[in-house]
Amino acid sequence: MKKTFSCIDAHTCGNPVRVVTGGLPFLEGENMFEKRQFFIKHYDWIRRGLMFEPRGHDMMSGSMLYPPHDPENDVAVLYIETSGCLPMCGHGTIGTVTVAIEEGLITPKVPGRLRIETPAGLVLVSYIQEGEKVTSVKLTNVPSFVIAKDLTINSGHLGELTFDVSYGGNFYAIIEPQENFGGLQDFTAEQLITMSRQLRKSINEAYEFVHPENPRINGLSHIQWIGRTLDEDSHGRNAVFYGDKAIDRSPCGTGTSARMAQLYSRGKLKAHEPFVNESYIGSRFTGEIIGETKVGDFNAIIPSIEGWAKITGYNTIFLDDDDPYVHGFQV
Ligand code: PYC
């Protein structure tokens with residue numbers, strides 16, 4: 001059997017976003033979180049086929065658009081990537097909005113604004129369109145909060161490390177420069193990947209992280225290494241590890257949200273101050289704390305993230321059962 005998927009490929013500040021526009025499966029569920037569970041149970045082969053080699057690569061990520069459940073909203077999004085289906089993805093949202101508006105996939109109820117249902121909750125977006133191009137997308141992310149501070153772990157490669165864990169749509173261990181770690185600038189992407197994989201495993205063995213309002217969001221999935229900025233006008237720089245072999249080429253929307261929540265909780269970032277965050281390759285998002293709230297007993301921020309994306313082309317992809325690698329592979 002051969003299945004055909006129409007895709008529009010794009011990148012957000014360097015990180016790929018493959019928006020699947022044709023061949024989407026019907027998903028059961030009352031909201032995007034339930035639909036995500038249904039997709040994982042019945043259709044994960046689509047994700048693997050479209051994200052893994054030979055049709056994708058270690059950094060590949062993407063999205064699928066569905067009708068909203070609440071008629072007040074414009075669209076619902078399922079995120080897919082090499083590690084699974086993230087509850088929320090910032091760079092994925094910026095890329096998806098750029099593709100959806102430039103290609104006319106959705107008609108916003110209010111031009112320049114979108115209300116997007118994601119598995120992690122409602123995400124509000126504003127965008128700037130100049131002619132046919134979307135030049136900037138700003139999203140209000142889900143409430144972000146620090147769940148644990150000053151934890152320690154024997155990291156294997158670097159010895160003992162101290163870190164905070166913060167939620168920005170995914171759980172992040174944030175490793176700031178310290179005695180055994182001088183900053184991400186001292187390491188190649190390859191080295192960061194090797195260290196992160198072991199570190200994530202050790203942290204998940206030693207600690208448990210559960211979202212206080214949705215226990216099905218749990219476990220540390222991402223490591224965020226902090227380091228010196230490339231541009232003196234920037235306020236931060238990260239290298240975000242996700243999946244098994246990926247270092248985000250963008251500054252990572254959920255990662256930047258988690259980082260702002262951490263800086264805020266440590267009194268190092270105030271509400272309404274711009275936070276220009278660089279990625280491993282030097283591309284930039286501008287974050288801002290636009291409000292404060294509570295998640296369970298935790299003090300949380302409402303972060304906004306602004307960035308840009310570019311469409312790279314159209315892609316018609318076959319998943320054909322006569323191909324031994326129809327569902328992809330990882331090496
Ligand atoms: O931008 O939130 C993000 C993201 C998550 C994983 C890769 N990018």
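The values are calculated or read from the model by the stated rules, or taken from the named source; none is laboratory data. Source: prediction; values computed, not measured. Reconstructed Cβ throughout: ideal geometry from the backbone, glycine too, with neighbour counts over all protein chains shown.
Listed values, structure above:
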| item | result |
| --- | --- |
| Selection count, segment 270-281, where residues are in a loop (DSSP other than H, G, I, E, B) and either within 16 Å of the ligand (Cβ to nearest atom) or buried (at least 24 other Cβ atoms within 10 Å of the Cβ) (or both) | 3 |
| Segment 211-259 - residue that is closer than 22 Å to residue 155 by Cβ and of a type in the set (D, E, K, R) and, of those, nearest to the ligand (Cβ to nearest atom) | 248 |
| Of the criteria (1) hydroxyl-bearing (Ser, Thr, Tyr); (2) more than 15 Å from the ligand (Cβ to nearest atom); (3) surrounded by fewer than 24 Cβ atoms within 10 Å (Cβ to Cβ), which one residue 286 fails | (2) |
| Selection within segment 124-139 - under 17 Å from residue 308 (Cβ atoms) and of a type outside the set (D, E, K, R) | 125, 126, 127, 128, 129, 131, 134, 135, 136, 137, 139 |
| Lone qualifier among 267, 255 - being closer than 19 Å to residue 169 by Cβ and outside any strand (DSSP E or B) | 255 |
| Exclusive hit being modelled with pLDDT under 95 and of a type outside the set (A, V, I, L, M, F, W, C), set 166, 144, 155, 136 | 155 |
| Residue among 276, 331, 326, 240 that alone is of a type outside the set (Asp, Glu), under 22 Å from the mean Cα position of the chain (by Cα) and farther than 19 Å from residue 88 by Cα | 276 |
| Residues located in segment 157-176, provided they are more than 16 Å from the ligand (Cβ to nearest atom), part of a loop (DSSP other than H, G, I, E, B) and closer than 30 Å to residue 212 by Cβ | 176 |
| For residue 287: the one exception among (1) of a type in the set (Gly, Ala, Ser); (2) without any contact (Cβ under 8 Å) to a residue 24 or more places away in the chain; (3) in a strand (DSSP E or B); (4) closer than 25 Å to residue 161 by Cβ | (2) |
| In segment 290-309, the residues that are under 17 Å from the mean Cα position of the chain (by Cα) and part of a strand (DSSP E or B) | 302, 303, 304, 305, 306, 307, 309 |
| Test: residue in segment 197-205 that is under 24 Å from residue 329 (Cβ atoms), more than 13 Å from the ligand (Cβ to nearest atom), touching a Lys or Arg at 6+ places or on another chain (Cβ under 9 Å) and in a helix (DSSP H, G or I) | yes |
| Residue within segment 215-229 that is among the aromatic types (Phe, Trp, Tyr), outside any strand (DSSP E or B) and within 21 Å of residue 253 (Cα to Cα) present | no |
